[in-house]
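Data first, discussion second: the structure below is written as structure tokens.
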Amino acid sequence: MNDVVLKPGKEKSLLRRHPWVYATAVAQAVGRPLAGDTVRVVDSQGNFLAWGAYSPESQIRVRCWSFHESDRIDTGWMAARVADAVSRRASLAARTDAVRLVFGEADALPGFVADRYAGQLVVQFLAAGVERWREALVDALVAATGCGNVYERSDAAAREREGLAARTGVLRGDEPPAEVEIIEDGVRYGVDVIHGHKTGFYLDQRESRKRVAELAALCGPDATILNCFSYTGGFSLAALRAGAAHAVSVDSSADALAMAARNAARNGLAATAFECRVSKVADAQKALAAEGRLFDIVVLDPPKFAPSAHHVDKAARAYKDVNLKGMKLVKPGGYLLTFSCSGAIGVDLFQKIVAGAAIDSREDFVLLERLAAGIDHPMRMTHPEGEYLKGLLLQRV
Ligand code: SAH
């Protein structure tokens with residue numbers, strides 16, 4: 001048996017069932033485990049702490065599967081975790097055919113992500129342990145969903161940190177179509193699972209798209225929305241389908257906006273109601289202010305400005321700037337939905353940054369709601385690092 005022996009005192013986080021063992025906590029790895037091997041993590045006295053997967057190249061040296069010594073980490077265990085994860089999302093089927101079915105640590109499968117887009121599954125293996133069990137995990141996913149088309153998008157940066165090369169391609173079934181069509185809360189979206197961001201779509205913003213649709217309906221038939229960092233137009237489409245009159249979508253990616261325009265057509269929306277600007281958001285915000293435009297709803301959903309804790313200060317300035325400029329474009333009585341997907345920036349800090357922007361804007365905003373990802377992106381209570389997306393719904397008063 002491969003034992004990973006911790007240094008004295010380093011067992012505390014595992015006793016709290018935190019699933020990561022850092023390289024700095026390890027005294028020795030007995031039996032020369034290889035990447036992905038199942039190891040028994042023990043304290044300095046040899047007492048059992050957890051079963052985990054060994055990853056010799058990662059700072060996270062072991063990712064834990066289980067804290068129960070009686071568990072057997074085998075094909076059946078993997079299949080049970082996948083079946084559990086899939087069944088916990090069942091309630092979403094009434095609203096959408098696009099769901100994150102497995103979300104890594106939250107589902108006791110560290111580094112494994114599986115998304116369903118209608119008849120297409122897309123998976124990511126982002127750690128050595130799940131890489132080892134890839135065939136078992138894919139078989140389990142096909143069995144749990146009855147969906148036979150699986151495409152791999154293991155091309156995220158996290159794989160490099162694990163010493164794993166990027167890999168993409170068909171794992172089961174057919175080559176995915178150029179655009180998989182999904183329907184979420186009655187809105188149709190095309191998803192490019194081969195070239196799109198992440199696995200093709202921002203499933204984590206489902207609840208906030210719904211909120212934007214509700215706000216658009218509340219604002220009435222003249223409602224306008226400015227969707228900054230729009231990607232393929234999610235928030236714009238949700239607002240227009242709920243009755244808004246006009247949407248401006250801003251993104252630096254021409255490809256993303258081309259898909260957004262196709263999505264507008266897919267939903268029978270007039271091209272005149274769907275304005276797209278291929279531009280940096282900062283430039284578009286400046287131009288819109290110069291044009292004297294104001295909007296009922298402004299959405300700010302930037303990419304991760306802080307990839308790690310080292311980047312927090314610089315990222316905080318960037319968030320403040322984009323929020324300050326965004327606030328200036330909100331009509332009196334209008335709404336601002338502002339997000340951060342930087343795990344290194346917590347809810348409290350993000351709220352402070354946005355409050356700083358509100359002060360500098362010299363307008364009055366009230367906080368109506370905190371926003372977050374839906375039930376298919378849960379956070380394990382013992383693994384707070386799993387929470388990354390946070391948002392605030394403000395109203396200009
Ligand atoms: N709101 C989107 C997801 C946004 S992801 C949704 O719900 O689907 C972030 C987007 O910001 C990406 O599409 C990326 O192309 C774009 N982007 C990154 N930096 C940018 C910048 N400085 N200006 C404009 N767009 C940018």
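We did not get these values from a lab; they are worked out from the coordinates using the rules stated. The shown structure was predicted, so the numbers you read here are calculated from the model rather than taken from an experiment. Note: ideal-geometry Cβ built from the backbone for every residue, glycine included; neighbour counts use all protein chains shown.
Label point of R293 set 7 angstrom out along Cα-Cβ; within region 236-276, amide nitrogens under 12 Å from it belong to 246-251, 273-276.
Of the cross-linked pairs K210/K314; K10/K198; K352/K390; K10/K314, those separated by over 24 Å at the C-alpha level are K210/K314; K10/K198; K10/K314. Once both labels are positioned 7 Å from their Cα atoms along Cα-to-Cβ, the gap between Q59 and A118 label points is 4.1 nm.
Here's the picture: charge each Lys and Arg Cβ at +1 and each Asp and Glu Cβ at -1 in the chain, and of Q395, V41, A373 the one pushed furthest to the positive end of that dipole is Q395. Distance between the pseudo-spin-label points of L34 and K352 (7 Å out from Cα toward the beta carbon): 4.8 nm.
Note on the chain: with charges restricted to the Cβ of Lys and Arg (+1) and Asp and Glu (-1), its dipole about the Cα centre is near 720 debye. Counting only Cα atoms, the chain measures 69, 47, 33 Å along its principal axes, largest extent leading. Could you please tell me the mean projected area of the C-alpha convex hull for region 209-278, averaged over all directions and given in square nanometres to one decimal? The number I arrive at for region 209-278 is 3.7 nm². Close amide-amide hydrogen proximity is noted between S249 and N227, E275, C276, R277, each under 5 Å apart and 5 or more residues distant or on a separate chain (H modeled in the peptide plane; Pro and chain starts excluded).
Length gained on full extension, H310 to E181: 42.6 nm, using 0.36 nm per residue less the C-alpha separation.
Considering only L336, L164, L34, the mean-square fluctuation computed in a Gaussian network model of the chain, springs between alpha carbons under 10 angstrom, is largest for L34.
Given a Förster distance of 25 Å, report the FRET efficiency between K286 and K331 from their Cβ-Cβ distance, rounded to the nearest 0.05. That gives a FRET efficiency of 0.85. For region 158-278, the equivalent ellipsoid built from the Cα gyration tensor has semi-axes of 29, 15, 14 Å, listed from largest to smallest. Helix 281-290 versus the longest principal axis of the chain: what angle, 0 to 90°, nearest 10, using Cα atoms? Roughly 10 degrees, rounded to the nearest 10. Computed on region 268-397, the Cα convex hull volume stands at 137 Å³ per residue.
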